[in-house]
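The values are calculated or read from the model by the stated rules, or taken from the named source; none is laboratory data. As the structure is a prediction and not an experimental result, all values here were calculated from the model. Cβ atoms come from the backbone with ideal geometry, glycine included; neighbour counts cover every protein chain shown.
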């Protein structure tokens with residue numbers, strides 16, 4: 001009976017946590033589309049989440065494309081199909097690796113910081129002070145991050161894809177001898193707009209997912225992780241881990257269902 005009680009308590013806590021996250025998302029979505037919208041805060045967050053992540057995305061995209069070019073050539077050349085290196089690199093980056101790796105990089109660089117920032121405001125009672133002054137914390141702390149995530153992730157993914165494709169070009173064409181005309185010509189033949197929209201849709205989902213989980217973990221620091229520096233540390237760790245896992249799981253469901261592309 002003791003085991004059943006513990007299992008029931010864990011289940012109830014999980015359901016309570018899921019309900020809290022759902023309510024948090026609903027409130028954030030409501031305040032995101034109702035005026036007034038704090039444009040200056042949104043731009044500041046876009047600069048932090050998007051612009052300051054470009055260097056990380058650039059380096060990651062370049063070396064991901066180079067690895068794809070090298071491994072793809074070694075694999076395709078065994079079957080005499082190295083002419084299809086361009087489509088392989090392009091489709092892999094545009095449909096899967098671009099959105100997923102960009103989201104994981106942004107989670108580690110910006111998502112953790114967002115969680116820590118909001119978490120410190122929670123434990124230092126700055127959020128309570130906003131509420132006492134009659135200000136809505138969602139409009140100042142959550143909504144700007146939601147808009148910044150949704151706007152920045154597709155743009156960062158596009159940069160990742162372009163840099164990665166040219167990284168594959170550098171290895172496949174300049175180093176391994178594939179014809180540049182074949183590399184880009186076959187890519188044009190096999191990559192269509194539905195593949196591009198698939199990557200865009202995934203990146204929009206991942207941007208929303210990162211903002212949702214990271215803001216939630218920071219906003220409820222102290223409720224689920226304990227107070228003080230240890231609570232902020234746990235919230236930040238949980239935000240990165242949960243966001244990363246959710247990105248991979250949600251990517252599978254989007255790929256398998258293909259409802260919107």
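Cβ-Cβ distance below 9 Å, separation of 6 or more or different chains: which pairs start in region 9-30 with a residue that is in contact (Cβ under 8 Å) with a residue 12 or more places away in the chain and end on one that is loosely packed, with under 10 Cβ neighbours inside 10 Å?
Close Cβ pairs satisfying both conditions: none exist.
Scan region 222-238 residue by residue and report those that are farther than 12 Å from residue 124 by Cβ and at pLDDT 80 or above.
Within region 222-238, 230, 233, 234, 235, 236, 237, 238 qualify.
Out of curiosity, is residue 56 closer than 15 Å to residue 102 by Cβ, surrounded by 15 or more Cβ atoms within 10 Å (Cβ to Cβ) and either under 19 Å from the mean Cα position of the chain (by Cα) or modelled with pLDDT of 90 or more (or both)?
Yes.
Any idea which residue in region 182-241 is surrounded by the most Cβ atoms within 10 Å (Cβ to Cβ), counting only those that are more than 19 Å from residue 156 (Cβ to Cβ) and under 16 Å from the mean Cα position of the chain (by Cα)?
Once the filter is applied, the top-ranked residue is 217.
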